[in-house]
Amino acid sequence: MKQRFVQSLGYVGLASPNIDPWKRFAQDMLGMEVSTTPNGSIALKMDEKSHRYLIEPGSKSDLQFIGFDVGESSHLNQLQQHLTEAGIEVHKASPQDKATKKVNDLIWVKDPDGVRIDFYLGLQEAATPFNPIKTIGGFVTGELGMGHVVRYTPNYKDMSDFYQRILGFKLSDFHDQPYAIEFLRTNPRHHSIGLIDDKGPPRLHHTMVEYRYWDDVGRAYDLAQLNPSGIAVTLGRHLNDHMTSFYVWTPDDFFIELGWAGRRIDDSTWTVEELSSPSLWGHIRNWQTAEKRLQTKKLIEEMGHKGIRAPVAAYDEEAFVFTPSTRKN
Ligand SMILES: [Fe+2]
């Protein structure tokens, strides 16, 4: 059996020319807690950890790094040896780097797209509890990680090989037409990484954050509708991870998916399938050309014609308590 070298997606690092819009977007739309560092970078908190996003000022929007939690120090040593044996150059982080990332230990490599991938131990807890300005019930993180990252890659085969064969991610599902896409997991979250085969330069398609409470997603959707052009994908539900979600444009050139109740995978019963549609309903892709949008809409409508439905599995008991109505008519 393949060894799983990373436990979860821990943090994402970006460069952006739009730091101030990011502060407002993260606070007001997403409900994250924002802190500014002395060098002008911002750290976005989603839970008890010191950060889940680090965004530094830059002349252009760029994915700077992705951080994976390896769990234990023995895993970090094993991974270092494994990567070296695979012919991948492994770098040890400088003390300053570790201090910036607020981790106990850190090695990093470049993936086939040239993006820096951090493997860390011990992401620090913040000095104060999670306390966003917007009143929300928090995000699903912990062992499932902070969400997922989906990337366009011109090195699709090599990237797939890197994440699956080298790092031990498992394929959850995929499709090959009208373009190739793979969803890869490293824990019960359906996917922590998604790869889209694309001819252009490597870039982010979207990141996803999962809310504990459906009502928080609904309220964010209310807010998003005040600026309809900011909605990249309308409210809908994915066929593969059952995430009910919508996507908004970030201040940069990619989206964030605001999701709820993604399903968890049990390895012992899961079988890999080729996906026949991206979504069960909704999810109109405003960002696509009219022609592409219609193609996708037809696939999604077909799910309805076939009567395909999926149960809702909200894993946080507090977030999904059924209260029988006491009203008598
Ligand atoms: Fe997603």
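Bear in mind that the values in this text are calculations on the coordinates, not laboratory data. No experiment lies behind these values; they were computed from the predicted model shown. All Cβ positions, glycine included, derive from the backbone under ideal geometry; neighbour counts span all protein chains shown.
In a fully extended conformation the segment linking Ile88 and Asp28 would gain 17.5 nm over its present Cα-Cα distance, using 0.36 nm per residue. Take the Cα radius of gyration of segment 52-152 and divide it by 2.2 N^0.38 Å, N being the number of residues; the result is 1.20. Shown in residue order for segment 233-238 are the 3J(HN,Hα) couplings computed by the Karplus curve 6.51 cos²θ - 1.76 cosθ + 1.60 at θ = phi - 60°: 9, 6, 4, x, 9, 6 Hz (x for Gly and Pro).
Remark: relative contact order (the chain) = 15 percent; criterion is Cα-Cα distance under 8 angstrom and separation of 6 or more residues.
The distance between label points at Gln177 and Lys134 comes to 4.0 nm (points 7 Å beyond Cα on the Cα→Cβ vector). Only helical DSSP H runs with n ≥ 4 go in: add -39500 (n - 2.57) per run for the chain, normalise by residue count and round the 222 nm mean residue ellipticity to 500 deg cm²/dmol. Per the formula, -5000 deg cm²/dmol. Straight-distance candidates among the lysines for linking to Lys306, with alpha-carbon spacing under 18 Å and chain neighbours fewer than 8 residues away dropped: Lys297, Lys298. Look at the dipole of the chain built from charges on Cβ: of Met32, Gln124, His305, the Cα furthest out on the positive end belongs to His305.
Taking every alpha-carbon pair under 8 Å whose residues sit at least 6 apart, segment 228-321 reaches a relative contact order of 29 percent. Applying the criteria of a DSSP loop state and at most 12 other Cβ atoms within 10 Å to the GluC sites (Glu not before Pro) of segment 1-88 yields Glu72. Considering only the chain, what is the antiparallel percent among its DSSP beta bridges, to the nearest 5? Bridges in the chain are about 70 percent antiparallel.
Beta-bridge orientation, segment 1-82: approximately 75 percent antiparallel, per DSSP, counting only bridges with both partners inside.
About the centre of its Cα atoms, segment 51-130 shows a dipole size close to 240 debye [charges on the beta carbon of Lys, Arg (+1) and Asp, Glu (-1) only; nearest 20 debye]. Between Asp105 and Leu121, the built amide H atoms are under 5 Å apart, and every one of these is 5 or more places off in sequence or on another chain. Around the Cα centre of the chain, unit charges on the Cβ atoms of Lys, Arg, Asp and Glu (plus for the first two, minus for the last two) sum to a dipole of about 560 debye.
Under 5 Å from the amide H of Lys49 lie the amide H atoms of Ala126, each residue being 5 or more positions distant or on a separate chain, with H modelled from the backbone and absent for Pro and chain starts. Qualifying trypsin sites (Lys or Arg not before Pro) in segment 175-270, where qualification requires a DSSP coil assignment and no more than 16 other C-beta atoms within 10 Å, comprise Lys199. In terms of surrounding Cβ atoms within a 10 Å radius of their Cβ, His82, His238 rank from fewest to most as His82, His238. Candidate cross-link partners of Lys102 among the lysines, defined by an alpha-carbon separation under 22 Å and a same-chain spacing of 8 or more, comprise Lys23, Lys45, Lys49, Lys92, Lys110.
Take every DSSP beta bridge whose two residues both sit in segment 56-141, then give the antiparallel share in percent to the nearest 5. Counting only bridges with both partners in segment 56-141, antiparallel ones make up about 60 percent.
Applying 0.36 nm per residue to the separation of Ala99 and Asn18 and subtracting their alpha-carbon distance, the gain on full extension is 26.7 nm. With contacts taken as Cα pairs under 8 Å and at least 6 residues apart, segment 1-126 reaches a relative contact order of 27 percent.
Cα-based values for the chain, radius of gyration first and Dmax second, are 19.6, 71 Å.
Here the gap between Val312 and Lys298, fully extended at 0.36 nm per residue and compared with their Cα-Cα distance, gives a gain of 2.7 nm. In the chain, with Lys and Arg counted as +1 and Asp and Glu as -1 at Cβ, which of these residues, Ala86, Leu235, Leu9, has the Cα nearest the positive end of the dipole, that is, farthest along it? Highest projection toward the positive end goes to Leu235. Rounded to the nearest 20 debye, what is the charge dipole size of segment 91-200 about its Cα centre when +1 sits on each Lys and Arg Cβ and -1 on each Asp and Glu Cβ? Its charge dipole is roughly 300 debye.
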